[in-house]
Amino acid sequence: MTRLTLPLILECLLFFVPLNIYVIGNHMANGVQWAFFRYQQSPLGNSLILIYRDIHYVAAGVLRGSSATGTIIWVSGAFLLFIALIILAIAFSSHKSGLAKPAGGLTILAGALFIIAMIVEYGPFFSNDHGSSVPVGAPLIIVSGIWLLLGTFDEEDEDPTVPASS
């Protein structure tokens, strides 16, 4: 095991943390949103909406205005979080702990974009006439990114084939 094992596991777990609990309008729909999908309940039924469907809704003009802008920002955050995971996976497999800092920066930026998307959609207090939002997991993403950015994950021995000296 390397010092990057825990950061990589935690970065993977960020994709399973609910980032946003929301209410649309006067309880027209309620939902929980993760980075790449959301689960929504409405009088029309329950829906699992994957991120590609949100992209389609924006492209087709179903979502407009602040909803479209918020969705574009959310998708950008999800993309950056995925890139941060890829960078950490590369760092882990190649034993290059220096890549943890750029992954941390991208993770912070992703978390900020998730919060900005909620502000664009629901206002600075996460509540307006369109509904309300509780950013439950988005701050955790920012804290995780800060930990990656400020943490020291240097290996004593960067080359796993060379035995450690006593």
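Condition check: among the β-branched types (Val, Ile, Thr) and buried (at least 17 other Cβ atoms within 10 Å of the Cβ). Does residue 83 satisfy that? No: the conditions fail for residue 83.
Selection of region 5-26 for residues being loosely packed, with under 15 Cβ neighbours inside 10 Å and among the aromatic types (Phe, Trp, Tyr) yields only 16.
Residues checked against (1) touching a Lys or Arg at 6+ places or on another chain (Cβ under 7 Å); (2) at pLDDT 95 or above; (3) assigned to a loop (DSSP other than H, G, I, E, B); (4) surrounded by 12 or more Cβ atoms within 10 Å (Cβ to Cβ):
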| residue | (1), (2), (3), (4) |
| --- | --- |
| 120 | no, yes, no, yes |
| 125 | no, yes, yes, no |
| 133 | no, yes, no, yes |
| 146 | no, yes, no, yes |
| 155 | yes, no, yes, yes |
| 158 | no, no, yes, yes |
| 161 | no, no, yes, no |
| 165 | no, no, yes, no |
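Taking (1) closer than 19 Å to residue 81 by Cβ; (2) in contact with a strand residue (DSSP E or B) (Cβ under 7 Å, 6 or more places away or on another chain); (3) crowded, with 17+ Cβ neighbours inside 10 Å; (4) touching a residue at least 40 places away in the same chain (Cβ under 8 Å) in turn, residue 38 satisfies each apart from (4). Note on region 12-56: residues that are in a strand (DSSP E or B) and not small (Gly, Ala, Ser) total 17. In region 3-16, the residues that are in contact (Cβ under 8 Å) with a residue 12 or more places away in the chain and more than 13 Å from residue 103 (Cα to Cα) reach residues that are aromatic (Phe, Trp, Tyr) and assigned to a loop (DSSP other than H, G, I, E, B) with C-beta atoms within less than 8 angstrom, at least six apart or across chains, in these pairs: 3/153; 15/34; 15/36; 16/34.
The values are calculated or read from the model by the stated rules, or taken from the named source; none is laboratory data. No experiment lies behind these values; they were computed from the predicted model shown. Cβ atoms come from the backbone with ideal geometry, glycine included; neighbour counts cover every protein chain shown.
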